[in-house]
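Working notes, beginning with the structure itself.
The values are calculated or read from the model by the stated rules, or taken from the named source; none is laboratory data. Note that the coordinates shown come from a computational prediction; the quantities given were computed from them, not determined experimentally. Quick reminder, even Gly has a Cβ in these numbers, built from the backbone with ideal geometry, and neighbours come from all protein chains shown.
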Amino acid sequence: MVSVTGVGSGLDIESLVTQLLTAERAPTETRLARREAALTSELSAFGTLKGLLAGLQGRASALKNPATFSQRSASSSDSEAVSASAAANAAVGSYSLSVSARASAQTLASGAFSSKTEAVGEGVLTIRFGSLSATPLEPGPQQVTSFTENTQRAGASITIDSSNNTLEGIRDAVNGSGLGITASVVKDGSDFRLLFTGPDTGAANGMEIAVSDQGDANNTDALGLSRLAFNTSAANLSQTRAAEDAQFTLNGLVLSSASNTVTDVIEGVTLSLGAVTEQDVNITVSENRAAVRGAVEQLVTAYNSFISSASTLTRYEPATRLAGPLQGDSGTRSIISQVRAALTDSVRVVGGPFGSLAELGITTAEDGKLSIDDARLDEVLDDGLESFGDLFSRSEGNGIAQRLDSLLGGFLGATGLIQSREDGLETRIEFINTDREQLNQRLEQLEARYRAQFNALDGLLAQLNSTGSFVAEQLANIPLPSDRFSN
């Protein structure tokens, strides 16, 4: 509602009310804004602290896991020919390996067709998998001399009719059969051929294709659908590549594998056969000290980041009289002290060679951060990971990483110190919003009172002005003595 004020007196009541309300609001609003900024800064600081502690806990969790110290690495003297990887259960050792043949999947090629849409024939293709022998192995007229079915891999029958009897139709039918065979149409000069590639490498995954030719009822001739027959009765497809096992020797022992990825020869070690070798490849399985060292370095880095940021949040600069948002906060000081103790205090390791980080070459510098003596840490790692890992993760649950992880979990939990402080700060910020609402309500009441008072004053002044005008007019009408004598 618009209030029209000062009509009778000429007073600028609107301006007076506004200035009085502004003067009344300013001290309280400034105080609330200052307090809100301080609380928001403190809340943000606890969020930063929380993130640092969570990062530190993540690094501690890696080192509290015993599996971290049982990792293995595998290296190859010729990783292009043979690459290797090792799981935690792999035994440390060295192996000599040579590859004489890689595993391959069978490929069969049809004769030439004038176009991709040329009709091949109709009938049923029955495909089975197993071990077969075909002579000669090179492309050309061949004969399948034997076939032994692989009972572990199911075959299937595929119907070819007028809807799919072209090269493209047969390709799509085979690809959609669920057998895992890859069928494709390739261009050979001006002609087209149909290629079938077996689903997997290995001698037991060869393909036999029998045909029930509905065109001329002859299932073996080179006409109609029987042009795709490849079995002991008819080899109308050319085997351009045979299904074969990989052949290799390990420490002189002759071995074979249906796959070029070998997982069952050395326990915990995966070998990838990439090429036939001209000389032996050395495979070495060792403790993965690089991974352990990396985990320790990441813990030190996370701790140093925590110390650096925590110092900034709690510091006070006498020269500038500037303080961090958590300066003087007892809870933060307690967190810093407990984290430092959990990481750097000694632990009791019965029969173990190490009882503290300092014995690993990890010491506390003057600024409170940790520093690593690389030479000492490498020396300790070279002695083996078992005793090294026992300092961080123990069956009793009191290793350094276990102790630190448990402490941080308490700080960061739903009922922990950090969450408790954040909840308290958020509540106090909400109270400020309530104080603002109350201030607005009080000023609304004050404004109403000011307006009532000034309007009353305006009315009084208007009345006084009116009375003054009347008196002046009456006085002006009173005849003066000089006027009487003049007449």
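Data table
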read-out	value
Lone unmet requirement of (1) at pLDDT below 85; (2) within 30 Å of Gln19 (Cβ to Cβ); (3) of a type in the set (Asp, Glu) for Glu473	(2)
Number of positions in region 315-333 that are hydroxyl-bearing (Ser, Thr, Tyr) and either in contact (Cβ under 8 Å) with a residue 40 or more places away in the chain or closer than 15 Å to Leu39 by Cα (or both)	1
Condition check for Val285: within 30 Å of Gly206 (Cβ to Cβ) and either at pLDDT 95 or above or in the same structural domain as Ile372 (by TED's automatic domain parsing) (or both)	no
Flag for Ala275 being of a type in the set (A, V, I, L, M) and either under 30 Å from Thr159 (Cα atoms) or surrounded by 16 or more Cβ atoms within 10 Å (Cβ to Cβ) (or both)	no
Any chance Val276 is aliphatic (A, V, I, L, M) and at pLDDT 95 or above	yes
Residue under evaluation Asp435, criteria (1) in contact (Cβ under 8 Å) with a residue 12 or more places away in the chain; (2) within 31 Å of the chain's Cα centre (by Cα); (3) surrounded by 15 or more Cβ atoms within 10 Å (Cβ to Cβ), criterion not met	(2)
Looking only at region 386-412, and only at residues there that are surrounded by fewer than 19 Cβ atoms within 10 Å (Cβ to Cβ) and part of a helix (DSSP H, G or I), the one that is farthest from the chain's Cα centre (by Cα)	Ser387
Checklist (1) more than 14 Å from Gln239 (Cα to Cα); (2) buried (at least 19 other Cβ atoms within 10 Å of the Cβ) applied to Asn205, failing item	(1)
Residues located in region 302-314, provided they are without any contact (Cβ under 8 Å) to a residue 40 or more places away in the chain and surrounded by fewer than 19 Cβ atoms within 10 Å (Cβ to Cβ)	Thr312
Tally of residues being of a type in the set (S, T, N, Q) and touching a Ser or Thr at 6+ places or on another chain (Cβ under 9 Å) across region 356-415	6
Among residues of region 126-175, those that are of a type in the set (Val, Ile, Thr), modelled with pLDDT under 95 and surrounded by 13 or more Cβ atoms within 10 Å (Cβ to Cβ), counted	1
Residue satisfying condition, being under 45 Å from the mean Cα position of the chain (by Cα) and more than 30 Å from Gly169 (Cβ to Cβ), within set Ser96, Ser133	Ser96
In region 187-224, the residues that are without any contact (Cβ under 8 Å) to a residue 12 or more places away in the chain and of a type in the set (A, V, I, L, M)	Ala217
Any hit, region 399-413, residues being under 25 Å from Leu326 (Cα atoms), among the aromatic types (Phe, Trp, Tyr) and outside the structural domain of Leu360 (by TED's automatic domain parsing)	no
Ala60 surrounded by fewer than 17 Cβ atoms within 10 Å (Cβ to Cβ) and either assigned by TED's automatic domain parsing to the domain that holds Ala295 or at pLDDT below 90 (or both)	no
Evaluation of Ser334 against (1) within 33 Å of the chain's Cα centre (by Cα); (2) surrounded by 17 or more Cβ atoms within 10 Å (Cβ to Cβ) (one fails), failing number	(2)
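Each row is one residue, and each column tells you yes or no for (1) crowded, with 18+ Cβ neighbours inside 10 Å; (2) under 30 Å from Thr312 (Cβ atoms); (3) free of Cβ contacts under 8 Å to residues at least 12 places away in the same chain; (4) not aromatic (Phe, Trp, Tyr).
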residue: Val17; (1), (2), (3), (4): yes, no, no, yes
residue: Glu42; (1), (2), (3), (4): yes, yes, no, yes
residue: Ser94; (1), (2), (3), (4): no, no, no, yes
residue: Leu97; (1), (2), (3), (4): yes, no, no, yes
residue: Ala105; (1), (2), (3), (4): yes, no, no, yes
residue: Ala112; (1), (2), (3), (4): no, no, no, yes
residue: Ser115; (1), (2), (3), (4): no, no, no, yes
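For every residue, the table says whether it meets (1) in a helix (DSSP H, G or I); (2) touching a strand residue (DSSP E or B) at 6+ places or on another chain (Cβ under 6 Å); (3) touching a residue at least 12 places away in the same chain (Cβ under 8 Å); (4) of a type in the set (Gly, Ala, Ser).
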residue: Arg428; (1), (2), (3), (4): yes, no, yes, no
residue: Phe431; (1), (2), (3), (4): yes, no, no, no
residue: Asn440; (1), (2), (3), (4): yes, no, no, no
residue: Ala456; (1), (2), (3), (4): yes, no, no, yes
